[in-house]
């Protein structure tokens, strides 16, 4: 039995009462939690651990196994690898591989700032979908522009997806978005002027994140979950279609 303000209740009655109470949600369907940024912290942890593994085993081994490439041979006589020969997983794994310390530091700082703002209001599963699909959207656009033998790595596509999402969500609630536009503008200039930065991944992630966030932010309240799932499914299908057409 469970103690109650008046008498005692059996466990079945307590569970039934809890099920009948409507759970509170945020304006976009997220559920308030004590650790509202848990997924953000986990993603940062995964990226940092993979980077540390690269320091131990050598970053070259991580690049050979997980970097995004359409088709490449890392060493003379080695087999060809890349998406064009069936390594589709690289479109996902490349988003968790970094080489220079400044690269991972900047991406993780942006992920921390953006994720801490977006995850609580979107909820965990929407935030995970936003991050993963933005990473894939950035990879597919990057893949199209990569020359044979070229590779791409980093969480920039996913991070720019969060930038796009923050802009859309802030606009949805009438917030000032000038600071977001300034940061995006600075990053756009850096992406186009600094050699070695894959601006295509930034663009693909930004578009993907903005479109998904628009669907999340304008989903009808009565069918928000179903509408959000449908938007994620359509976006994933579009990414797969573009990648399949490119490979064909």
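The values are calculated or read from the model by the stated rules, or taken from the named source; none is laboratory data. What you see is a predicted model; the values in this text were computed from it and never measured. Glycine gets a Cβ as well: all are built from the backbone with ideal geometry, and neighbour counts include every protein chain shown.
Just to be sure, is residue 148 modelled with pLDDT under 90, more than 17 Å from the chain's Cα centre (by Cα) and within 23 Å of residue 248 (Cα to Cα)? Taking the combined requirement at face value, the residue satisfies it. In region 25-44, the residues that are at positive phi and modelled with pLDDT under 70 reach residues that are part of a loop (DSSP other than H, G, I, E, B) and surrounded by 13 or more Cβ atoms within 10 Å (Cβ to Cβ) with C-beta atoms within less than 8 angstrom, at least six apart or across chains, in these pairs: 29/123; 29/219.
Pull up region 152-174, narrow it to residues that are more than 17 Å from residue 136 (Cβ to Cβ) and touching a helix residue (DSSP H, G or I) at 6+ places or on another chain (Cβ under 8 Å), then point me to the one that is surrounded by the most Cβ atoms within 10 Å (Cβ to Cβ). Break it down into steps so the answer makes sense when it comes.
At the first step, the residues of region 152-174 found to be more than 17 Å from residue 136 (Cβ to Cβ) are 166-174.
Right, trim to touching a helix residue (DSSP H, G or I) at 6+ places or on another chain (Cβ under 8 Å) and you get 166-170, 172.
Details: 166: 24, 167: 21, 168: 21, 169: 22, 170: 18, 172: 15.
So, considering only residues that are more than 17 Å from residue 136 (Cβ to Cβ) and touching a helix residue (DSSP H, G or I) at 6+ places or on another chain (Cβ under 8 Å), the one surrounded by the most Cβ atoms within 10 Å (Cβ to Cβ) is 166.
Residue pairs whose Cβ atoms lie under 9 Å apart, sitting 6 or more positions apart in sequence or on different chains, and linking a residue in region 169-196 that is on the phi > 0 side of the Ramachandran plot and outside any helix (DSSP H, G or I) to a partner that is surrounded by 13 or more Cβ atoms within 10 Å (Cβ to Cβ) and at pLDDT 85 or above, do not occur here. Pairs meeting the criteria (first residue in region 138-167 and without any contact (Cβ under 8 Å) to a residue 40 or more places away in the chain, second residue in a loop (DSSP other than H, G, I, E, B) and surrounded by fewer than 24 Cβ atoms within 10 Å (Cβ to Cβ), beta carbons under 6 Å, at least 6 apart or on different chains) are lacking.
Going by what's in this entry, would residue 140 be described as surrounded by 21 or more Cβ atoms within 10 Å (Cβ to Cβ), modelled with pLDDT of 95 or more and out of contact with any strand residue (DSSP E or B) (no Cβ under 9 Å at 6 or more places or on another chain)? Give the steps one after another, and end with the answer.
Numbers: surrounded by 21 or more Cβ atoms within 10 Å (Cβ to Cβ): yes; modelled with pLDDT of 95 or more: yes; out of contact with any strand residue (DSSP E or B) (no Cβ under 9 Å at 6 or more places or on another chain): yes.
When the stated conditions are applied, residue 140 passes them.
Regarding region 119-132, can at least one residue be identified that is under 27 Å from residue 227 (Cβ atoms), part of a loop (DSSP other than H, G, I, E, B) and in contact (Cβ under 8 Å) with a residue 40 or more places away in the chain? Checking region 119-132: at least one residue is under 27 Å from residue 227 (Cβ atoms), part of a loop (DSSP other than H, G, I, E, B) and in contact (Cβ under 8 Å) with a residue 40 or more places away in the chain.
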